[in-house]
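Step one of this worksheet: look at the structure below.
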Amino acid sequence: MAAQNGSGNGEHGARDLDVVVVGAGFSGLYLLHRLRGLGFSAKVLESADDVGGTWYWNRYPGARCDIESIDYSYSFDPELETEWHWSERYATQPEILRYLGHVADKHDLRRDIEFSTRVVSARWDDAASLWHVRTDRGGEIRCRFYVMATGCLSLPKTPDIEGADRFRGASYYTGRWPHEGVDFTGKRVGVIGTGSSAVQSIPIIAQQAAQLTVFQRTPNFSRPAHNGPVSPAKKARFDADPAAYREAARWSGAGVPLEIPLEGALQVSAEEREARYEAAYASGDLLAAGSTFADLLSNRAANETLCEFLRNKIRSIVRDPETAEALCPKDHPYGTKRPCIDTNYFETYNLPHVRLVDLRKDPITTITETGIDTAARSFEFDIIVFATGFDAMTGAIVAVDITGRGGQELADKWAHGPVTYLGLTTHGFPNFFMLTGPGSPSVLSNMAVSIEQHVDWVSDCIASMRDQDLTVIEPTATAEAAWVQHVNDYGDITLFPLANSWYMGANVPGKPRVFLPYIGGVDRYRKACDEVVEQDYLGFAFEGPGGPRCHDGVIRRLQPDVAILLETMATLDLPTMESMSPEEARAFSVAMSAERPPGPDVGEIVDATLPGAAGELAYRLYRPASPGPHPIVAYFHGGGWVFGSVDSDDPFCRDLCVRSDAIVVSVDYRHAPEAPFPAAADDGFAAVRWIAANAEALGGEPGRLAVCGWSAGGNIAAVVCRLARDAGGPRIDGQVLVTPVTDCDLTRPSYVENADGYILTAPLMRWFWDHYADPAERTDPKASPLRAADLSRLPPALVVTCEFDPLRDEGTAYAEAMAAAGVEVRHRPCRGHIHTSLTAVDMILSGAPIREEMGGALRRFFGASVPA
Ligand code: NAP
């Protein structure tokens, strides 16, 4: 597939290559090596005068990696693993730069790198299926493929402080540090910023400077790095089997082999929690603290326990209480802004010539010719250091004028945030790849591992195109939109959106607020990329002499936490419910229920009995903590009319009580096959009548009653509404039907599409029906409410259906039928959810906003005004 002439100078100074790569850092170097090995003509264009990328530019004092060097290194060359020895656990910038220089020399990479060459534009030529790349050295390169290997943190943020260019002393950016170094001896120095670069440089600058003033806008979490020689334990583990170690890293969450805890932080005792945090603190490992418990990045209360532990460490180090308090991060959960590891960072504030200015209390008003003015004070400096960070993840990419199909500019396409497929490609920009681009794990992982994975994927893709005589690749709009959705779905079940971080684009004024990286983990991400290839490059369109080719589709459709739950369940190899007797299924359901989180606290819980259609029924009442009387919701549990109880749906009922601010009365109706159709429906109606008649005694508001049910319980709730209408009472204010059974037809498309694999299967549903009702009875509207001749005058309804649920279509049909009969209905389809998602309180976090809608619907039924 060599583009016309192969490499070398063409006419009029234009050259033709297979691939142009921008950037000679970790990723560009390895990509060049791979492409050459595959026989492609390739050049790397690099604006610096040597290799190194971020490690070329970030030469500020104290710069070093914060992932252990054993991990933060290439794995592609086994020789390199044995011939290179890191002198420290966290190597310094000069050592990392030497390492990259060594790799470039060893593989003779420099001869295909053009240094001091900045790419200014890249334009896709649709007619020729080539990119035209222009540099600041003039001339043009035509290439088949164009790859941005420009790094995630490479474009320093432009100064956004008034007067930044006015200062007449020396000023430096940590991300563009002079090669000759800076002598701070005897100088009055101001440092702006307290991110990773500042945390590393401040202790060293303080050693030289006569006076050091640190301007802090947001304090950062940091722990001692305990740097020193490479850890013997780690080295022994690595040396025992380097290949196995690397493979474990590739299939880990963060790109470093780690034990993953299963418990949440609040599930262990305070002593146990403290002990684990102490161990993480002592380890000096950046990833250790955040991985102490499973829920630190998703549960605010759990996260706060770690925050307070770390704040107390700061308080114990910094002697001046006011400075200590100012250094304690309080505005963001741990991990949602990149935490740091340090050497004597907090200790530095105990030095007499070092002071902290808390910009939250006393903001910078301007930089002056002689220093920095804050609202309250004027500071004079000889040197100002801007440790103010980067236009992360997108800045360096859109800094080049990249024009795709139809003259579309990438900067315009991304005006509202980056849009990519797998963080590797973007629709409308054929044959264009980004390494560790937005929408990939990148900055949330060990970059060395993520870079190698991206380079391998891109190289293999280009090679496979050559093998198949394909010339153009482009992601489809469908695949891309779904990937962006998936990335956002993941972000939304974490605490990351709560912080004003560069992960969210929040550090650059005017930048869209979008969660930029992919938080699903290196392992899950790698699996998705591999599956795309296995499925014939799902979501990519190809062109070639043989014509266009495309296997369009979506690689991840389930909500991320639903997918994780299903993965976990698959590993347990559980028996199917329909292979059990009803007694066994009941026992199994009880055992499963015992394992889940308990749900939120409510004001009061009362267990009692009420008269059913044929004897006493147990019920459980949940009372809100707010002052009563409250409206009442009669609730019917799921379980296919065969199993389930007040216990099985306890967390969901608690949640419903809290979110609706209503009393929830969960009723234990009789079960099949011992009490078959219509026992459950009759019990449901009897219970609702009793609750209505006894509302006051229950602490409720008489006359204010709604019903709610999940699955078979949704069936009962629906049936009860019609029975109440026909009986002339009791009056029901509204119905919330959660993935309800509404019909006995098991042939709808949702049954076919979701027959297996999503917990509620088609065979299980058949098993339920077989136990509940004879075939002749199933069409009775008391069993199949969709079949009722008249659905008018039913209470207003919220019908919730899930995408991957056999019952989806009958729920939808019921909502439509009620609406057609004039009932006020809101149908809420839930993308990426399964039948059991929404009731899995504190397990499926993506279900929480939908449960909030259920609570809102109930409050609205009761006449409360609820914000839309
Ligand atoms: P950063 O984390 O974005 O920190 C920039 C700092 O400057 C923040 O404290 C920020 O405050 C402050 N700032 C920015 N604009 C300001 C303004 N106008 N007025 C006052 N303060 C302002 O940047 P960084 O320290 O260069 O680090 C960036 C990332 O690079 C790190 O998160 C890390 O991923 C990577 N890095 C890694 C290493 C390592 O491996 N050891 C070292 C350095 C960097 P706000 O927080 O309020 O915005």
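Please find, within region 71-87, the residue that is farthest from the ligand (Cβ to nearest atom) out of those that are open to solvent by less than 20 Å² (accessible area, probe 1.4 Å) and free of Cβ contacts under 8 Å to residues at least 40 places away in the same chain.
Asp77
Exactly one of these conditions fails for Ile204: (1) within 11 Å of the ligand (Cβ to nearest atom); (2) among the aliphatic types (A, V, I, L, M); (3) open to solvent by 10 Å² or more (accessible area, probe 1.4 Å). Give me its number.
Just one mismatch for Ile204, condition (1).
What do you reckon, is Ile519 buried (at least 21 other Cβ atoms within 10 Å of the Cβ) and either farther than 23 Å from Val147 by Cβ or within 16 Å of the ligand (Cβ to nearest atom) (or both)?
Considered against the rule, which asks whether it is buried (at least 21 other Cβ atoms within 10 Å of the Cβ) and either farther than 23 Å from Val147 by Cβ or within 16 Å of the ligand (Cβ to nearest atom) (or both), Ile519 comes out as yes.
Need the failing condition index for Tyr99 against (1) away from the ligand (no atom under 13 Å from the Cβ); (2) open to solvent by 20 Å² or more (accessible area, probe 1.4 Å); (3) part of a helix (DSSP H, G or I); (4) without any contact (Cβ under 8 Å) to a residue 60 or more places away in the chain, just the number.
The single condition Tyr99 does not satisfy is (2).
Can you find a residue in region 843-859 that is free of Cβ contacts under 8 Å to residues at least 60 places away in the same chain and over 19 Å from Trp710 (Cβ atoms)?
No; the residues of region 843-859 include none that is free of Cβ contacts under 8 Å to residues at least 60 places away in the same chain and over 19 Å from Trp710 (Cβ atoms).
Would you confirm whether or not region 527-537 contains a residue that is under 30 Å from Asp842 (Cβ atoms) and open to solvent by less than 50 Å² (accessible area, probe 1.4 Å)?
yes
Out of curiosity, is Cys307 over 30 Å from Gly520 (Cβ atoms), touching a residue at least 40 places away in the same chain (Cβ under 8 Å) and of a type outside the set (Lys, Arg)?
no
Residues of region 584-613 being assigned to a loop (DSSP other than H, G, I, E, B) and under 35 Å from the mean Cα position of the chain (by Cα), which ones? Even if it seems obvious, please write down each step before you answer.
Going through region 584-613, the residues assigned to a loop (DSSP other than H, G, I, E, B) turn out to be 594-603, 613.
Of everything in region 584-613, those that are assigned to a loop (DSSP other than H, G, I, E, B) and under 35 Å from the mean Cα position of the chain (by Cα) turn out to be Ala594, Glu595, Arg596, Pro597, Pro598, Gly599, Pro600, Asp601, Val602, Gly603.
Quick check on my filter: what residues within region 473-513 are within 11 Å of the ligand (Cβ to nearest atom), farther than 22 Å from Leu424 by Cα and open to solvent by 20 Å² or more (accessible area, probe 1.4 Å)?
Asn500, Ala506, Asn507, Val508, Pro509
Confirm whether Ala294 is small (Gly, Ala, Ser), more than 13 Å from the ligand (Cβ to nearest atom), farther than 26 Å from Asp160 by Cα and touching a helix residue (DSSP H, G or I) at 6+ places or on another chain (Cβ under 8 Å).
For Ala294, the condition - small (Gly, Ala, Ser), more than 13 Å from the ligand (Cβ to nearest atom), farther than 26 Å from Asp160 by Cα and touching a helix residue (DSSP H, G or I) at 6+ places or on another chain (Cβ under 8 Å) - is not met.
So which residues in region 720-741 are open to solvent by 20 Å² or more (accessible area, probe 1.4 Å), in a helix (DSSP H, G or I) and in contact with a Pro (Cβ under 9 Å, 6 or more places away or on another chain), if there are any at all?
Selection gives Arg722, Arg725.
Check Cys529 against each of (1) under 29 Å from Asn303 (Cβ atoms); (2) under 17 Å from the mean Cα position of the chain (by Cα) and name the one condition it does not meet.
Here Cys529 meets the rest and fails (1).
Quick check on region 101-120. Is at least one of its residues in contact with a Phe, Trp or Tyr (Cβ under 6 Å, 6 or more places away or on another chain) and of a type outside the set (S, T, N, Q)?
no
Residues that are within 16 Å of Ala149 (Cβ to Cβ), at pLDDT 95 or above and not aliphatic (A, V, I, L, M): does region 91-103 have at least one?
no
Report yes if Ser116 is at positive phi and touching a strand residue (DSSP E or B) at 6+ places or on another chain (Cβ under 6 Å), otherwise no. Give the derivation first.
Values: at positive phi: yes; touching a strand residue (DSSP E or B) at 6+ places or on another chain (Cβ under 6 Å): no.
So Ser116 fails the test.
Out of region 131-142, which residues are surrounded by 24 or more Cβ atoms within 10 Å (Cβ to Cβ) and over 35 Å from the mean Cα position of the chain (by Cα)? Full working, then the answer.
So in region 131-142, the residues surrounded by 24 or more Cβ atoms within 10 Å (Cβ to Cβ) come out as 131, 133, 141.
The answer is Ile141, and nothing else.
Does Thr779 meet the test of being in contact (Cβ under 8 Å) with a residue 40 or more places away in the chain and polar (S, T, N, Q)?
no
Could you check region 340-413 for strands (runs of 3 or more DSSP E) lying wholly inside it with 1 or more residues that are away from the ligand (no atom under 16 Å from the Cβ), over 22 Å from Thr436 (Cα atoms) and not charged (D, E, K, R)?
354-358, 378-380, 383-386
Can you find, within region 696-707, the residue that is least open to solvent (accessible area, probe 1.4 Å) among those that are under 16 Å from Glu604 (Cβ atoms) and of a type in the set (Gly, Ala, Ser)?
Gly700
Working carefully through the options Ala294, Ala301, Ala288, find the one that is in a loop (DSSP other than H, G, I, E, B) and open to solvent by 10 Å² or more (accessible area, probe 1.4 Å).
Unique residue meeting the criteria: Ala294.
Residue-wise test of (1) without any contact (Cβ under 8 Å) to a residue 24 or more places away in the chain; (2) within 16 Å of the ligand (Cβ to nearest atom); (3) open to solvent by 30 Å² or more (accessible area, probe 1.4 Å).
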position: Phe115; (1), (2), (3): no, no, yes
position: Asp126; (1), (2), (3): no, no, yes
position: Glu162; (1), (2), (3): no, yes, yes
position: Gly169; (1), (2), (3): no, no, yes
position: Gly186; (1), (2), (3): no, no, yes
position: Ala209; (1), (2), (3): no, no, no
position: Thr218; (1), (2), (3): no, yes, no
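Look at Trp710 and say whether it is touching a residue at least 60 places away in the same chain (Cβ under 8 Å), within 29 Å of Ile663 (Cα to Cα) and either over 31 Å from the mean Cα position of the chain (by Cα) or open to solvent by less than 40 Å² (accessible area, probe 1.4 Å) (or both).
Working: touching a residue at least 60 places away in the same chain (Cβ under 8 Å): yes; within 29 Å of Ile663 (Cα to Cα): yes; either over 31 Å from the mean Cα position of the chain (by Cα) or open to solvent by less than 40 Å² (accessible area, probe 1.4 Å) (or both): yes.
Yes, satisfied.
Based on this model, can you work out whether Glu308 counts as of a type in the set (D, E, K, R), assigned to a helix (DSSP H, G or I) and under 31 Å from the mean Cα position of the chain (by Cα)?
yes
Could you check Ser581 against (1) without any contact (Cβ under 8 Å) to a residue 12 or more places away in the chain; (2) farther than 23 Å from Glu674 by Cα; (3) open to solvent by less than 60 Å² (accessible area, probe 1.4 Å) and say which number it fails?
(2)
Here are Ser27, Ser7: which of them is farther than 30 Å from Gly175 by Cα and either part of a helix (DSSP H, G or I) or at pLDDT below 95 (or both)?
On the way: Ser27 fails: farther than 30 Å from Gly175 by Cα.
Ser7 is the lone residue from the list that is farther than 30 Å from Gly175 by Cα and either part of a helix (DSSP H, G or I) or at pLDDT below 95 (or both).
Restricting attention to region 28-70, which residues are open to solvent by 10 Å² or more (accessible area, probe 1.4 Å), within 16 Å of the ligand (Cβ to nearest atom) and touching a Leu at 6+ places or on another chain (Cβ under 9 Å)?
If the condition is that a residue be open to solvent by 10 Å² or more (accessible area, probe 1.4 Å), within 16 Å of the ligand (Cβ to nearest atom) and touching a Leu at 6+ places or on another chain (Cβ under 9 Å), then Gly53, Thr54, Trp55, Tyr56, Asn58, Arg59, Asp66, Ile67, Glu68 are the ones that fit.
Kindly indicate the residue of region 235-266 that is outside any loop (DSSP other than H, G, I, E, B) and out of contact with any helix residue (DSSP H, G or I) (no Cβ under 9 Å at 6 or more places or on another chain) and also nearest to the ligand (Cβ to nearest atom) among those meeting that condition.
Here is the first cut: in region 235-266, the ones outside any loop (DSSP other than H, G, I, E, B) are 235-240, 242-250, 265-266.
With the extra rule that they be out of contact with any helix residue (DSSP H, G or I) (no Cβ under 9 Å at 6 or more places or on another chain), the set shrinks to 235-236, 240, 244, 247-248.
Values: Lys235: 20, Ala236: 24, Ala240: 27, Ala244: 26, Glu247: 24, Ala248: 22 Å.
Checked region 235-266; the qualifying residue nearest to the ligand (Cβ to nearest atom) is Lys235.
The values are calculated or read from the model by the stated rules, or taken from the named source; none is laboratory data. Since the model is a prediction, treat every value here as computed from it, not as a measurement. Cβ atoms come from the backbone with ideal geometry, glycine included; neighbour counts cover every protein chain shown. We work out accessible area using only protein heavy atoms, side chains counted, and drop any ligands, DNA or RNA first. Shrake-Rupley method; radii C 1.70, N 1.55, O 1.52, S 1.80 Å.
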